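The values are calculated or read from the model by the stated rules, or taken from the named source; none is laboratory data. Everything numeric here is computed off the predicted structure, so don't read it as measured data. All Cβ positions, glycine included, derive from the backbone under ideal geometry; neighbour counts span all protein chains shown. For accessibility, only protein heavy atoms count, side chains too; no ligands or nucleic acids. Shrake-Rupley method; radii C 1.70, N 1.55, O 1.52, S 1.80 Å.
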Amino acid sequence: SALENNKVIVKKNSRIISVQEIVTEDKMKMLEELNLIETGKTDYVFALGIAIMVLILFSIFTLCTNIYCKNVLTNRNYLLVLSIIVTISLFAARILKEYSLLYIPFLIAPMLIAILIDLKLAITINFILTLAISIMTNGDMIYLFMALASGTFAAFMVNRSNQRSSLSASGTIAALINVVVVACFGIINKNQLKTIALDSLIVTANGLISTIITIGMLPFWEITFNLITPLKLMELSNPNQALLKKLMIEAPGTYHHSLMVGNLAEVAAENLGANALLARVGAYYHDIGKLKRPDFFGENQISGNP
């Protein structure tokens, strides 16, 4: 009875049971205690612990969002996009962690949220997702450090990117940060050079594939949820855009006036810290109604307002 109360210490990465080995009562008890097998019983204490941790993470999200980007909480499309991205990220992590933690595509969520919604929100969500997934990975330090570092850098770099090439460059830099983190931990853990090289190759591919998926998914988010991204604004500012081209041909004076207003608006927005690209593109289209109803504009009214 005294022996039954003694704690059994299982060292990390040690083998508990082998294939075709007979499962004894003490081995079975050990597997149950470590939550490595399904016992058919509900572990309410375990479930309560997970629920409290999720509640804490949700509280952090609510507080940060309420302070730094309050408009997200009142925008149904933003909340829907956020929910879908977070859910997909968690499911992907749950599946891929069974193969390797290095396969988890942790860059997609912060990059997408930074482009589609807000930079501060992207950093907050990256922090929360990293902590949530680290519960699945038993607090693996390599994943924790890599996701926090490269995820934050990626969010900063893609923020207001107006060219797909700049997004690709951001993904490449984030992949290199992953390599540095993996290599440093490999050296600290005294891993073989072959192992470090293989892990570096995996995280490089992870970063590049994540960037490709992010760029490829942008049109889906833009169209489905009616979101305006810097890339979409760049397309709208293209002189070959059908509506701008029509304005240039049918009302060249108004077209050139709109370009001048766009330049002024851009400079003003930059000095105010506002979205300069949005201001410029908005100015390009501010007189577009003159193509349809020029007499509805004050400067074109001679005999009264229709």
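Some points to look at:
- Pairs where the first residue, in region 132-156, is among the acidic types (Asp, Glu) and the second is part of a helix (DSSP H, G or I) and crowded, with 16+ Cβ neighbours inside 10 Å, C-beta under 7 Å, 6+ apart: Asp140/Leu101; Asp140/Ser134
- Hey, Thr224 hydroxyl-bearing (Ser, Thr, Tyr), at pLDDT below 90 and under 24 Å from Arg164 (Cβ atoms) or not: yes
- Close pairs (7 angstrom Cβ cut-off, 6 or more residues apart or separate chains): more than 19 Å from Glu33 (Cα to Cα) in region 46-60, of a type outside the set (Phe, Trp, Tyr) anywhere: Met53/Ile135; Leu57/Ile128; Leu57/Leu131; Leu57/Ala132; Ile60/Ile128
- Verdict on Gly273 being at positive phi and at pLDDT below 90: yes
- Qualifying residue in region 157-165 (condition: touching a residue at least 40 places away in the same chain (Cβ under 8 Å) and assigned to a helix (DSSP H, G or I)): yes
- Of the residues making up region 174-228, those that are surrounded by fewer than 14 Cβ atoms within 10 Å (Cβ to Cβ), under 24 Å from Ile88 (Cα atoms) and of a type in the set (S, T, N, Q) are Thr224, Asn226.
- Taking the conditions (1) modelled with pLDDT under 85; (2) assigned to a loop (DSSP other than H, G, I, E, B) in turn, Phe106 satisfies each one other than (1).
- Taking the numbered list (1) assigned to a helix (DSSP H, G or I); (2) over 30 Å from Leu79 (Cβ atoms); (3) open to solvent by less than 80 Å² (accessible area, probe 1.4 Å) in turn, Asn271 passes all entries but (3).
- Among the residues listed as Ala283, Ala276, the single one being under 23 Å from Gln241 (Cα atoms) and in contact with a Ser or Thr (Cβ under 7 Å, 6 or more places away or on another chain): Ala283
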